[in-house]
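Chemist: Got a structure for you, written out below as structure tokens; questions coming shortly.
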Amino acid sequence: MYSEPVEFVSSNNFCNIALSIETDLSPIQLLKSLKEIEKRMGRSIDSGKTRNYSDRVIDIDIVSYDNLIFFCNRLEIPHYRHLHEREFSRLLLDSLFLNRT
């Protein structure tokens, strides 16, 4: 699913994908692994730290993690914006969970 940028101006559209995984990693370990993937793919600025959004090669978010509620300065689970404010996320997540049944 493609969407226009959210929370910043860009002439690019974004390709959005949702997936469900199983992992033995803790939420923080998973976050560190995902940030390493982003870095290896060329992402140099972590908007989660800077709160400045700009074009990027990849952006991987943890939207939920089982039924866990978790908050720290680097990670919020569930990811409120993706679940309640961003229509493209809700549509992707609805599709993902409908296809699991």
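Chemist: Test each condition in (1) open to solvent by 80 Å² or more (accessible area, probe 1.4 Å); (2) at pLDDT below 85; (3) under 20 Å from Asn13 (Cβ atoms) for Tyr53 and report the one that comes out false.
Modeler: All conditions pass for Tyr53, except number (1).
Chemist: Mind counting the residues in segment 68-83 that are within 15 Å of Leu93 (Cβ to Cβ) and at pLDDT 80 or above?
Modeler: So the count comes out to 3.
Chemist: Has segment 23-42 got at least one residue that is modelled with pLDDT under 90, within 23 Å of Leu83 (Cβ to Cβ) and loosely packed, with under 10 Cβ neighbours inside 10 Å?
Modeler: There is no residue in segment 23-42 that is modelled with pLDDT under 90, within 23 Å of Leu83 (Cβ to Cβ) and loosely packed, with under 10 Cβ neighbours inside 10 Å.
Chemist: Can you tell me which residues in segment 8-22 are in a loop (DSSP other than H, G, I, E, B) and open to solvent by less than 90 Å² (accessible area, probe 1.4 Å)?
Modeler: Phe8, Ser10, Asn12, Asn16, Ala18, Ser20
The values are calculated or read from the model by the stated rules, or taken from the named source; none is laboratory data. Just so you know, these numbers come straight off a predicted model, no measurement behind them. Cβ: placed from backbone, ideal geometry, glycine included. Neighbour counts: every protein chain shown. Surface accessibility is based on the protein's heavy atoms, side chains included, excluding ligands, DNA and RNA. Shrake-Rupley method; radii C 1.70, N 1.55, O 1.52, S 1.80 Å.
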